[in-house]
1. Kindly list, by first and then second residue, each pair from a residue in the range B:87-111 that is under 19 Å from B:LEU181 (Cβ atoms) to a residue that is surrounded by fewer than 19 Cβ atoms within 10 Å (Cβ to Cβ) and among the β-branched types (Val, Ile, Thr), limited to pairs with Cβ atoms under 7 Å and residues at least 6 apart or on different chains.
2. What single numbered condition from (1) away from every other protein chain (no Cβ under 12 Å); (2) of a type outside the set (S, T, N, Q); (3) without any contact (Cβ under 8 Å) to a residue 12 or more places away in the chain fails to hold for A:HIS257?
3. If I ask for residues that are surrounded by 21 or more Cβ atoms within 10 Å (Cβ to Cβ), within 14 Å of another protein chain (Cβ to nearest Cβ) and aliphatic (A, V, I, L, M), which ones from the range B:25-84 would you list?
4. Can you pull out the residues in the range B:88-111 that are away from chain A (no Cβ under 11 Å) and either out of contact with any helix residue (DSSP H, G or I) (no Cβ under 8 Å at 6 or more places or on another chain) or of a type in the set (Asp, Glu) (or both)?
5. Where residues in the range A:64-86 are assigned to a strand (DSSP E or B) and small (Gly, Ala, Ser), which of them is surrounded by the fewest Cβ atoms within 10 Å (Cβ to Cβ)?
6. Here is a check on your reading of the model: is A:ILE57 touching a residue at least 40 places away in the same chain (Cβ under 8 Å) and away from every other protein chain (no Cβ under 14 Å)?
7. Every residue in the range A:401-447 that is within 13 Å of A:GLU263 (Cα to Cα) and assigned to a helix (DSSP H, G or I), please.
8. Which residues, counting only those in the range A:76-95, are more than 10 Å from chain B (Cβ to nearest Cβ) and either touching a residue at least 60 places away in the same chain (Cβ under 8 Å) or among the aromatic types (Phe, Trp, Tyr) (or both)?
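The values are calculated or read from the model by the stated rules, or taken from the named source; none is laboratory data. The structure presented is a predicted model; accordingly, all values stated were derived computationally and were not measured. All Cβ positions, glycine included, derive from the backbone under ideal geometry; neighbour counts span all protein chains shown.
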Amino acid sequence: MHLIQMCSSAHVVKPKYTCLFGYSSFKFNHPHRLLRTTSSVNGQIIQFKLSDIGEGITEVTVKEWYVKEGDTVSQFDSICEVQSDKASVTITSRYDGIIRKLYYAVDQIALVGKPLVDIETEALKDSEEDVVETPAVFHDEHTHQEIKGHKTLATPAVRRLAMENNIKLSEVVGTGKDGRILKEDILNYLAKQTGAILPPSPKSEIMPPLQKTETVQPVPVPVLKPKAFTGKDRTEPITGFEKTMVKTMTVALKIPHFGYCDEVDLTQLVKLREELKPIALARGIKLSFMPFFLKAASLGLMQFPILNASVDENCQNITYKASHNIGIAMDTKQGLIVPNVKNVQLCSVFEIAIELNRLQKLGSTNQLGTADITGGTFTLSNIGSIGGTYAKPVILPPEVAIGALGAIKAVPRFNEKGEVIKAQIMNVSWSADHRIIDGATMARFSNLWKSYLENPASMLLELK
Amino acid sequence: MLIPFSMKNCFQLLYNLKVPIAGLKNAAKGGLILQSTSNNIYQNLAVEDWIHDHMNLEGKPILFLWRNSPTVVIGRHQNPWQECNLNLMREKGIKLARRRSGGGTVYHDMGNINLTFFTTKTKYNRMENLKLVIRALNAVQPQLDVQATDRLDLLLEGQFKISGTASKIGRTAAYHHCTLLCSTDRIALSSVLKSPYHGIKSNATPSVPSLVKNLLENNNTLTCEVLMESIATEFAAYHQIDSNSILISPSDETMFPGIKRKAEELQTWEWIYGKTPKFSVNTSLNLLREQSCSEMKIYVDVKNGRIEDCNIDAPGHWLPKEMLDKLSTSFIGNKFCHSEATMLLNALLRTCPKDHELYSKWHLLCEKVKTIM
């Protein structure tokens, strides 16, 4: 440890203040460190100089500051990143304190041996006092120090926490470096102290009969540990994908939605998919339920083309879209993306599966292109893959309808003979633009879609 | 010679205690040679971080040998848009990584060896390390003409760069790493390290392009394996330690506690793109439509990878000014990022009036804007 004594006898200030918390195995080349102290009792401003980097380097470029003026730093915290001749150097703080001045801006050249930052280290009058004592004792700090004979190491944040909880720092055991008191030490101390602070349980006064039965073990009263909560609200601007959702949904809600829900018996489809999965896998494709849902939707849209349409802003004209570009809502790390499968009316179930595999791969690596996410005319959202039964999906303009599929659940149902059988049931929730689509149209489309899925063989009739 | 890592315990001890361990067998005394079993750039960079942060290198320098699958690695303070062709990399599945050391941009693939020399800050000496590499090369091929320049590059035959250097200095430790071109795909290298982006103004560290050559072209015995072996032997001789390299797996959390988080941090957008020093883009793009060509001017200010200011200008008759202004203001606050721009533009397209001509012009404009990201 390096101890530097400051003999400024004229001031109240600190005979034993240790400025350099030398690190036992750390050797540095400069034998002297100039410390300029202010004569105020508030704390000393130390000029932290840029130390020798090695290889005879005399100047470096400041590339990034990790702190700004007013920030609190602890010893060994990173202060800035400088660069010299292909070497990137992290400069760390030698002191605990508050940054008072940055001598350089980013991209400026800093000189070795010259001041880099000013750090205000803590005033001793705050650092060692028992905070529960009255201010009158402040003037006795001198004697108090000598009596105690040791200095408590703690950052200002930790001291504040102790003060707020009326804790004497000298009674807390520090587990940090050099016996430094950390936040965890304060919290542990608090946890231990509650037993002493809580008043004795009133039960012991009003229930003397209990004392008769000596064999009964007294039940320990659970003690609520006071939790020190230091969480804070956090406000940040909405950007990126969230902003995209804000824009889309703001426009979407101008559309008057109506909802229509139903349940679909997928028992037969589940069986069919089990048979077809290995065949698809042999061709290198993972077969989910989605290709069937999409194809059935497209078959339904053939009969009810108004659900595959678009209206202009003032709802004056309606455009019936020829292609069935069915979008599938995808949940990625960044958020909600809706790529679409183009021309589902021309694709076989297997071709749809191929395309879905491709889109899923691109979606997971964040590489979906504009072509993939534009041009959609109808959307299906498989929220059931995460969970849920019913939903109230929001239509994505310029489309006019959307369906949300719940999870497939095995539940008991009655068959034609009145017997209870196990059925695989999925719920579907449709939303449609009520300006141009009425409930009856939606219901009939849903019934048709449902019939294709409940009896997959019926889709064979539509094979081209 | 490579030996599988069965000495997990000694490694654990080396990590746990910040003081040198006396009396520990061969590996601890005098130094260590480590070789990575992973070809993942982020995992290997995480190993460098881990060793730099956690190991006591006093009297125990470490040599780390590693190779990566195709990746472009930029220096700590560089601008990826200035240094490489991000579109091409996206197409070819070539990764992008930002390392913590300074210096310029390099292309990694399995034909390129990476060497990292870990020492204490006081023992940091890059030229000494490079001389060691040269001795190792000459041990395999004595007539090989390799010299170190004062920029700490290695030149073959006085003109071809076969190695570049970068380093990181911390509080007590430092590392110097360099590349060595054995059998890299030179066509991929030159196409990917050429930036197609114009009009970028920034104070980021620029790269100095050089003529390169593979050592294998010079002599077909100089394969990666042969060279790694030779360098390990030379390092062992110099530090008087056992020349056996220890194979390590960068995904082993028990051997390197906390390494998974380090590798994850290196893959975040905030690190790779967000750490780019602030820059501005000022360029014009051609809008070609139906045999007529209009010029669009775009100006973007980017800080921490996010757009702070944006201005898009096109001839007044082409698109209404309000639409252009709406686009400009929508970008502010967003990441300067291709996929985020795609999402935003798609959302704006949804709200665009359905006039076919306006819609297709708007679409074209959006596509053009994305090309600068």
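1. B:ALA97/B:ILE272; B:GLY104/B:VAL208
2. (3)
3. Answer for the range B:25-84, where residues must be surrounded by 21 or more Cβ atoms within 10 Å (Cβ to Cβ), within 14 Å of another protein chain (Cβ to nearest Cβ) and aliphatic (A, V, I, L, M): B:LEU45, B:LEU57, B:VAL73, B:ILE74.
4. Across the range B:88-111, the qualifying residues are B:VAL106, B:ASP109.
5. Taking the range A:64-86 and keeping what is assigned to a strand (DSSP E or B), we get A:64-65, A:72-73, A:78-84.
Retained after the next criterion (residues that are small (Gly, Ala, Ser)): A:78, A:84.
Values: A:SER78: 16, A:SER84: 21.
Among residues in the range A:64-86 that are assigned to a strand (DSSP E or B) and small (Gly, Ala, Ser), the one surrounded by the fewest Cβ atoms within 10 Å (Cβ to Cβ) is A:SER78.
6. Values: touching a residue at least 40 places away in the same chain (Cβ under 8 Å): yes; away from every other protein chain (no Cβ under 14 Å): no.
No, not satisfied.
7. Looking only at the range A:401-447, we keep the residues that are within 13 Å of A:GLU263 (Cα to Cα), and these are A:403-411, A:413, A:423-430, A:443, A:446-447.
The answer is A:ALA443, A:SER446, A:ASN447.
8. A:TYR95
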